[in-house]
Structure formats: C-alpha cells, structure tokens
1. Give the aspartates and glutamates whose C-alpha is closer than 13 Å to that of Lys338, dropping any in the same chain fewer than 8 places away, or say none.
2. Once the dipole of region 122-263 is set up with Lys and Arg at +1 and Asp and Glu at -1 on Cβ about the Cα centre, which of Val210, Ser200, Ser246 lies farthest towards its positive end?
3. Hey, what do the phi angles of region 337-348 turn into as Karplus ³J(HN,Hα) couplings, whole Hz, using 6.51/-1.76/1.60 and θ = phi - 60°, x for Gly and Pro?
4. What value, in deg cm²/dmol to 500, does the helix sum -39500 (n - 2.57) over DSSP H runs of n ≥ 4 give at 222 nm once divided by the residues of the chain?
5. Counting Lys and Arg as +1 and Asp and Glu as -1, each charge on the Cβ, what is the dipole of region 119-210 about the Cα centre in debye, to the nearest 20?
6. Can you give the longest run of the chain that contains no GluC sites (Glu not before Pro) sitting in a DSSP loop with at most 15 other Cβ atoms inside 10 Å?
7. Could you calculate the contour length gain from Gln242 to Glu85, that is, 0.36 nm times the residue separation minus the distance between their Cα atoms, to one decimal place in nm?
8. Lys/Arg Cβ at +1, Asp/Glu Cβ at -1, dipole of the chain taken about the Cα centre: which of Asn258, Val168, Ile6 is farthest positive-ward?
Amino acid sequence: MKLVHIAGTRPNFVKIASIIRACNATDEIESVLVHTGQHYSDNMSKRFFRDLDIPLPDINLEVGSGSHAAQTAEIMKRFEKVVIEQKPDAVLVVGDVNSTLACVLVSKKMQIETIHVEAGLRSFDRTMPEEINRVLTDAISDILFVSEPSGLMNLRNEGISSSRIYFVGNVMIDTLEANKSKAESSTILNDLDLRRNGYSVLTLHRPANVDDGNVFKEIVDALAKIQEEIKVVFPIHPRTRQNLESNSLGQRLKALPNILLIEPLGYLDFLKLMSNSKIVLTDSGGIQEESTILGIPCLTLRENTERPITIHEGTNILVGMGAAGIFNGYKKSMCTNKSYRRPKLWDGKASERIAKVLLNLFVNISSAVNYA
Ligand code: UD1
C-alpha cells in the first residue's frame, strides 16, 4: 500500500511522528511524507522533526503563510501535482488545519481514498477556522479514525455511516508516551532557572484570543494578577508575537516582572516544561489532551472545546476569555484538586491500531480488527 501522509503545522508533526512509525513497522505500507510548508520556521517545524525522529519529508510544498483562501488554494494547486506523480493508494491527513482540508479536497476529487485521523471533534463554533476544516474534512473522508467517544457521536449525528468510523484512541498521546523519558533529559528547567511546581505555563495562538485587541487585553489583565502569585512562562507563537508587537499590550506584558516571555520551544523541552509545572493556561487543543495525561491542571482560555473528554475525565476547565473568569479559574484550581483518569484508548497504541486497520482494508491482512 502506498500511503501519502500530510503534515503542515506544529501539531501535525507531533501526530504523524507516531503514525509513520507504526506504518513503517509493517512491511506492507510504503509511506511518503508531504510537508505542505504551512509552518516553516525552524522552531515551528524542523525542530520537531529532529526531536521526534520523524523521517525528513519526501516532498515539501513550501506554501508558507497567507490568508485562509490563498494558503488553502496554494496547497491544493501544489498537492494536485504530487498526487498525479505519486499515484498513492490513499492519502492520510491529521487534525483540523488548512493543510488538512486542502489535501483532502484534492485527493477526494481525484478519487483517491482519504483517511482522517482525529475525526469527529466538534466545538460547534463555526467562527473557528478549524471547525470548518473539521466538518468538511469528515464529510468527504472515506475512513475516519476517532480519538474520543464524542467524535463517534458527532459523526453519527451528521449521518456518517458507522462502517467508515474507527475508534482507535489518541495519536498525540502515543507520541507523548514514546517521548516521556527522553524529555526527562531536557535541561529547560535549569536553562530558565525554574523549580519543579514553582511556575505556570501559558500558550496562546487562537485568532479569537490574539487577533482581537479587546479579548487580548482581558487576557493580559488576568495575567497581570496571576503573575503576582506564580511565575508565568510564556513561549510565544509567531502569530501572537506579531500581534503583541503591533500594539501596546506587548509593552505592558513585557513590563510585568513575573512573566517570562520566550521563543516557541521544541517538543522535548516543552514536554519537560509542562510536566513539571503547577498549572497550564492555554488555548491549544493538543495541550488540553497532554495535560490530562500528565495530570497537570489545565485552564482553557476559550468558551468551548472540541475535546470534551478532557473536561469530563481529565484535568481541563473552560474559563473563557474574560479577565475575571480566568483569574477565578486559576484561584479555584489552586485550592481544589480536580480528579481525573486516563481516557479510554489513550494508551500509546492508537497508531498501531490505525496501521492494523489500514492493513486490513488495503492489504487484506486481517488481524481481527473491530474498533467501530
Ligand atoms: C495554525 C492552524 C491552527 C493550529 C496552529 C498550531 C489553521 C487555520 N490554523 O494556526 O489550527 O492550532 O497552526 O500552531 O490551519 N508563522 C511563522 N512561522 C511559521 C508559521 C507561521 O512566523 O513557521 C507566522 C506567520 O506570520 C503567519 C502566522 O504565524 O502569518 C500564523 O500562521 P498560520 O499558519 O497562518 O496559522 P497559525 O496561527 O499558526
């Protein structure tokens, strides 16, 4: 089976690391890796290939940044040529970014089997670009691999046949489990002069949070109070940095004495940083999942999440984007220990299950697969 894997952004690299490893462990799947180039900076891309031992991309479309339409269209134009040349049996996409949707549209129209990993997640908030990408990708993909039970329910409610759906677990957690001990040797705590449990970690990159000055101001107001109680380590995503530099909020943030503003970190350094923190504040989807497995309290600075299991079974709490809600959430988390458990099939073996299903469907190698 010739399988083209698509990766374009930082969270995609984390997911495909485990999927490609599981596919390469079989003799029957030939993997071709296409990097769309949506993320291209060393610390958003190459660093992850090094940290996670991902094979170098076979093809890089080098699309770079742009508006949604321009970026999606450019990926489609360039990827169409790849499909014509490579003639894959199937194309596998992960997550919910523009690269995901662009490549699914191209493959499906060329009648290539399409596979979506992390299918069925829904925030029910169509102001999020990712939600549009999710709904459209799932509607036309042939095989849908689901990470949590809400995904099964959402897909069924959208009328998608159960025969296309497989509940396999979470590939992001596969990568976390595979790299936990390696991350131990990261020197990031010493480098930043941090004590275990003595700091919080913050990440922000959602357009709804960082592109809207009024919302961003509310978040900075909350951070001003939180940093009076605990050090905040803030690796800044490029989108967020641009916004901070273009307005006075950046100056205000820089002036707060107990916030450490740093460049985006690699996978291993970030895992070590998060694992040893007291609490995480984030608007990322992946971090909601990782903190659940690490047992680190997580405050999600959003009104909704497409990953409800991280709330029902994990450490995650939604605190919204208002200053009062964020600060109250922080205070509450500091004085109560939310109980949590490991969600079903978040066991480090999701990618193996995916490879087994693919062998079953495409190579006719059956190993009693029944994950629906
Ligand atoms: C994208 C995804 C988002 C995902 C996030 C992970 C979409 C619609 N959004 O958002 O779902 O959670 O990645 O990080 O696909 N930039 C750099 N270097 C890079 C990449 C980007 O400097 O390597 C800058 C560019 O100026 C760019 C901005 O960051 O304009 C935003 O990048 P973009 O790829 O448009 O979206 P993200 O905000 O990263």
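Every read-out reported here was derived from the displayed coordinates using simple, explicitly stated rules and does not represent laboratory data. Worth saying up front: this structure is predicted, and the values here are computed from it rather than measured. Positions of Cβ are generated from backbone atoms using ideal geometry, with glycine treated the same way; all protein chains shown enter the neighbour counts.
1. The reachable aspartates and glutamates, counting only those whose Cα sits under 13 Å from Lys338, are Glu313.
2. Selected residue: Ser200.
3. Running phi through 6.51 cos²θ - 1.76 cosθ + 1.60 with θ = phi - 60° gives 9, 5, 6, 8, 9, 6, x, 4, 6, 8, 10, x Hz.
4. Helix-only estimate at 222 nm: -14000 deg cm²/dmol.
5. 140
6. The longest such stretch corresponds to 63-157.
7. Additional length available on full extension: 52.7 nm.
8. It is Asn258.
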